[in-house]
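Below you'll find the structure, written out as structure tokens, and then a few comments.
The values are calculated or read from the model by the stated rules, or taken from the named source; none is laboratory data. What you are looking at is a predicted structure, and each value in this text was computed from that prediction instead of being measured. Heads up, the Cβs are rebuilt from the backbone with ideal geometry, glycines too, and the neighbour counts pull from every protein chain shown. The protein model used for the area step is the full one, side chains on, heavy atoms only, and it has no ligands, DNA or RNA in it. Shrake-Rupley method; radii C 1.70, N 1.55, O 1.52, S 1.80 Å.
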Amino acid sequence: MNGQRWIDFAGQAIFHTLVAALVVEALVRLWGVRQPEQRTGFRLLALGWPLLVVPALFLAFPGREEESFRDARAIFAGRHWDDLAFLGIGLYGWWIGIMSAAGLGLFLLDLVPWLRARNVRPPPWIPGAPGSRPAEEALSRAAAALGIAPPGLAWVEGGPPVLFCTGTRNPRVVTSSSAVELLDRDELAAALAHELAHLERRDPTLSWALMGARALMWFNPGVQVLVRAIARDAERTADERAGQACGDRLALASGLLKLYRATEGRGRGAGAGSRPLSAALAEPIARARAHDIELRCRALLGPPPAPVPLARLRLAAAAAGLGLLLFFVV
Amino acid sequence: MTAATVAGATGSTVSEGARALWTLALVLGGTTVALVALDAMPTWLHGQPRGVRRAATVEDAERRIQSRVLLPSYFPDTLRWPPAEVRFTRDGGGSVALTFLGTDGAPDLVLAQTVAGAGPIPDGLHGRLAVIQQQSAPLGDDAVLSRVVAEDGTLWSQLEWTRGGRRFLLRGRGSLENLIRMARSIHGERR
């Protein structure tokens with residue numbers, strides 16, 4: 001592909017993702033899709049568009065890129081916006097440039113803290129430590145409730161409260177003495193069930209795949225936003241599964257709040273808030289995280305959301321409709 | 001489960017499916033309308049009629065309509081090359097219009113032509129002006145020479161003729177002699 005074709009590909013990938021994401025979000029709301037697992041299915045449809053469908057359209061239908069298709073058959077052609085220019089560059093070119101910068105910014109917003117976190121040496125993990133017995137017992141109970149084999153428990157003595165799962169080939173749950181001290185028995189069981197639900201769904205592997213998709217589509221802001229939405233859905237799905245397994249949704253909500261309060265603001269380097277960009281971003285990011293936790297707790301206070309009927313049929317119809325529509329968008 | 005219950009459940013599923021499809025149709029329909037409007041916006045902002053597109057160069061227009069544009073070999077010094085505006089439409093088999101500026105920077109000449117067929121050149125491409133005088137011209141049987149008046153009140157000379165299965169229009173502010181000479185030079189005639 002020459003440079004022009006790459007620009008057309010990037011433009012279509014960005015525009016198709018935006019249209020697919022907006023259509024999917026409208027359908028999710030209008031159809032009342034509240035179950036997080038079903039929402040993930042719809043959002044994966046929008047995410048798969050730039051990764052699979054747009055390359056397939058480029059390879060299978062090269063005629064879509066011809067001027068005749070653009071001028072006579074397309075219902076929208078981005079290149080028509082190049083008829084209007086600013087500083088000698090067509091508006092379509094400006095749009096692709098601005099969107100790519102936004103996509104890169106959103107990607108770096110998560111990549112940089114992740115790379116920084118990898119450089120921080122974690123506290124030593126102590127397998128079979130005496131203080132870990134309550135956590136091991138709670139983990140076994142939670143695994144039994146979920147009907148899966150209990151994974152290994154990595155124990156961290158002291159430090160801030162931590163409770164998360166990790167590992168794609170060798171999955172395990174990591175927790176610390178301070179987390180066990182912070183949570184009561186029911187909250188600990190529910191929080192561990194939440195992490196086990198992640199492992200049951202192979203979410204650590206999924207998160208690597210999603211990070212790969214983000215890296216591949218670094219220029220696409222729609223992909224960056226969609227992956228974040230899917231990650232939130234994964235949390236909600238694990239919440240629902242844990243609530244179902246433990247039978248105590250309130251304990252999970254309570255544990256979630258306690259852990260959030262105990263860990264909020266942790267990990268900020270000294271002086272990070274004084275740097276202009278990080279100071280400007282810290283507040284909205286913290287607010288967004290707090291909003292996420294609030295939404296999860298609100299969802300756990302209510303009954304489990306009912307699945308929408310004919311979900312697969314709706315998904316297939318949405319995919320077919322989007323396919324037909326976006327074929328004529330170049 | 002009784003037959004009535006099964007029938008009720010089936011009916012409910014069918015109506016649920018129909019409602020879902022109706023919602024999908026509405027969302028996709030709304031999206032289509034929004035996309036069509038977004039696509040038409042650059043043309044609208046330019047004040048160009050529907051179906052008329054701009055091209056960066058004559059070559060760009062030729063590539064997009066997949067046909068050669070016939071140009072005059074005689075080009076007076078009072079005109080600036082390249083054309084200031086290249087517009088084309090696919091309507092009616094395809095037509096192109098080139099606008100040339102004079103040395104004073106104002107539009108001085110419009111050359112429009114169909115690229116397939118001798119049908120009329122769409123008015124939206126070159127802007128139909130009020131004819132105040134008309135007579136036959138020495139360019140062929142159907143050639144017409146007119147005096148037309150623009151919206152700003154300026155008078156232009158306009159030649160319209162058909163040759164080689166194409167319809168041509170040449171409109172200029174300059175001398176009539178130059179206009180006829182340019183028209184002839186399009187077809188390789190010297191005078």
Worksheet item: Looking at (1) within 11 Å of another protein chain (Cβ to nearest Cβ); (2) farther than 14 Å from residue A:330 by Cα, which is the one condition that is false for residue A:68?
Response: (2)
Practice prompt. Check whether at least one residue in region B:36-50 is open to solvent by 60 Å² or more (accessible area, probe 1.4 Å), within 14 Å of chain A (Cβ to nearest Cβ), polar (S, T, N, Q) and over 24 Å from residue B:163 (Cβ atoms), and report yes or no.
Written response: no
Fill in: Members of region A:196-219 that are open to solvent by 20 Å² or more (accessible area, probe 1.4 Å) and over 11 Å from the mean Cα position of the chain (by Cα)
A:199, A:200, A:201, A:202, A:205, A:212, A:215, A:216, A:218, A:219
Item to complete: Filter region A:287-322 down to the residues that are open to solvent by 30 Å² or more (accessible area, probe 1.4 Å), within 24 Å of the chain's Cα centre (by Cα) and small (Gly, Ala, Ser), then identify the one that is farthest from the other protein chains (Cβ to nearest Cβ).
Response: A:290
Discussion item. Regarding region A:3-15, can at least one residue be identified that is within 14 Å of chain B (Cβ to nearest Cβ), touching a Phe, Trp or Tyr at 6+ places or on another chain (Cβ under 8 Å), buried (at least 20 other Cβ atoms within 10 Å of the Cβ) and over 19 Å from residue A:322 (Cα atoms)?
Written reply: no
Practice prompt. Test each condition in (1) aromatic (Phe, Trp, Tyr); (2) within 13 Å of chain B (Cβ to nearest Cβ); (3) surrounded by fewer than 16 Cβ atoms within 10 Å (Cβ to Cβ) for residue A:61 and report the one that comes out false.
Written response: (2)
Worksheet item: Would you call residue A:77 within 11 Å of chain B (Cβ to nearest Cβ) and either without any contact (Cβ under 8 Å) to a residue 60 or more places away in the chain or open to solvent by 10 Å² or more (accessible area, probe 1.4 Å) (or both)?
Response: no
Worksheet item: Would you pick out the residues in region A:26-58 that are within 14 Å of chain B (Cβ to nearest Cβ), surrounded by 17 or more Cβ atoms within 10 Å (Cβ to Cβ) and out of contact with any Lys or Arg (no Cβ under 7 Å at 6 or more places or on another chain)?
Response: A:26, A:27, A:38, A:42, A:45, A:46, A:49
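What do you reckon, is residue A:170 farther than 19 Å from residue A:247 by Cα and buried (at least 16 other Cβ atoms within 10 Å of the Cβ)?
When the stated conditions are applied, residue A:170 does not pass them.
I'd like to check which strands (runs of 3 or more DSSP E) are fully inside region B:78-191 and have at least 1 residues that are closer than 25 Å to residue A:83 by Cα.
Working: elements: B:85-89, B:95-101, B:107-114, B:130-136, B:144-149, B:155-163, B:166-172.
By residue number, B:85-89, B:95-101, B:107-114, B:166-172.
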Discussion item. Just the residues that are surrounded by 15 or more Cβ atoms within 10 Å (Cβ to Cβ) and on the phi > 0 side of the Ramachandran plot, please, taken from region B:64-92.
Written reply: B:92
Practice prompt. Taking the residues in region A:102-148 that are open to solvent by 90 Å² or more (accessible area, probe 1.4 Å) and modelled with pLDDT of 85 or more as candidates, determine which candidate is nearest to the chain's Cα centre (by Cα).
Written response: A:141
